[in-house]
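Only one structure is covered here, and it is reproduced in the block below.
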Amino acid sequence: MVAPDAASAPASRSQRVLKVAVKRQADPAAPPRWERFEVPVEPGANLISVLQAIASRPTTTDGTSTTPIAYDSGCLEEVCGSCTMLVNGKVRQACSCLVDQFIDAGEAITIEPMSKFPVVRDLCVDRARLFAGLQRVKAWVPLDGTYHLGPGPKESPDDQEVRYALSTCMSCGCCLEACPQYNVEPDSAAWDHEFVGAAVISQARLFNMHGTGKVLKADRLEALSGRGGVNDCGNAQNCVQVCPKEIPLTESIAAAGRQSTVHAVKKFFSGR
Ligand code: SF4
Ligand code: SF4
Ligand code: FES
């Protein structure tokens, strides 16, 4: 006997049937379309398990057979940032979206890919521009790992507290999706001139505060002072409201703005 699929089995007493509408796109050039599903979900289910249930029997509400929905996920505990999507129009991680808490019984749920990044397929988007932004501000600690370096520089507890919060960024893209200054730009040749966004500014601040990482501080501030840098921020503060890690992004933007101004003044007087 073949066990019934998760999506085709009749709902048990503890299950509820969730109405789901998913915005799909076969490839980057294809036109988007909506598909609707009815999925029995267990108490405590998250949106990833809803997408898995659809994949086990990809049939729409009107009985049309379709393909499983493509989506990204990794950690399933809101750490990797890969499952970010729009759920009922709001940007968030699918893995931490618990259906029972998120939506009342009988209501429908809509799932769409983020709008500020090019769609690869269905709910998968290409966040390469975000990572290019991190490269632009050299968001790393330069280290020569070929010999023993001894203990690293000491860090004050106050700096540690600030840096820890900034270090929890998972490059999920929520802050960029919500930012009115950050717009979709599929042409990678233009990325060097486009706004880098709050996540990248905050990571520049994180590495500028690091005892060894600050050796690249001038390079980072040079990148942030130019076109697409911190001055492009319109201070709408949407970013800080949607960050799932509650990173103090507006504080980072203000700190980076002050540092960039000092950097520009020094450059003006030194001629370098
Ligand atoms: S404060 Fe700046 S980075 Fe944040 S949402 Fe507004 S414009 Fe974007
Ligand atoms: S700053 Fe927050 S919202 Fe932006 S990418 Fe990092 S974790 Fe995501
Ligand atoms: S799967 Fe990693 S954040 Fe959702």
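The values are calculated or read from the model by the stated rules, or taken from the named source; none is laboratory data. None of these values were measured; they are calculated from a predicted model. Reconstructed Cβ throughout: ideal geometry from the backbone, glycine too, with neighbour counts over all protein chains shown. Side chains are part of the model used for accessible areas, which takes the heavy atoms of the whole protein and leaves out ligands, DNA and RNA. Shrake-Rupley method; radii C 1.70, N 1.55, O 1.52, S 1.80 Å.
Observations on the structure shown:
- DSSP beta bridge pairing in the chain, given as percent antiparallel to the nearest 5: 85 percent
- For segment 16-124, with all protein chains in place and a probe radius of 1.4 Å, 51% of the accessible heavy-atom surface sits on carbon or sulfur.
- Centre-to-centre separation between the Cα atoms of segment 57-103 and those of segment 232-251: 24 Å.
- Per residue, segment 127-270 exposes an accessible area of 54 Å² to a 1.4 Å probe, with every protein chain left in place.
- When each of Lys154/Lys217; Lys116/Lys245; Lys90/Lys214; Lys23/Lys245; Lys245/Lys267; Lys217/Lys245 is checked by Cα-Cα distance, pairs over 28 Å: Lys90/Lys214; Lys245/Lys267
- Protein accessible area in segment 180-235, 1.4 Å probe - carbon and sulfur %: 45 percent
- Taking the empirical scaling 2.2 N^0.38 Å for compact globular proteins as reference, segment 127-270 has a Cα radius of gyration ratio of 1.05.
- Total formal charge among the other residues, if their Cβ is under 9 angstrom from that of Pro32, Lys/Arg +1 and Asp/Glu -1: +2
- Binned Cα-Cα distances of the chain, short to long, each 10 Å bin given as a whole percent: 6, 26, 28, 20, 13, 6, 1, 0, 0
- Taken over segment 16-124, the alpha-carbon convex hull comes to 97 cubic angstrom per residue.
- Ordered from highest to lowest accessible area with the whole protein assembly present and a 1.4 Å probe, Tyr182, Tyr71, Tyr147, Tyr164 read as Tyr164, Tyr147, Tyr71, Tyr182.
- Ile111 sits among other residues whose Cβ lies under 15 Å from its own Cβ, and their net charge, with Lys and Arg +1 and Asp and Glu -1, is +1.
- Helices assigned as whole DSSP H runs in the chain whose Cα atoms extend at least 27 Å along their own long axis and whose mean Kyte-Doolittle hydropathy is -1.0 or higher are found at 249-270.
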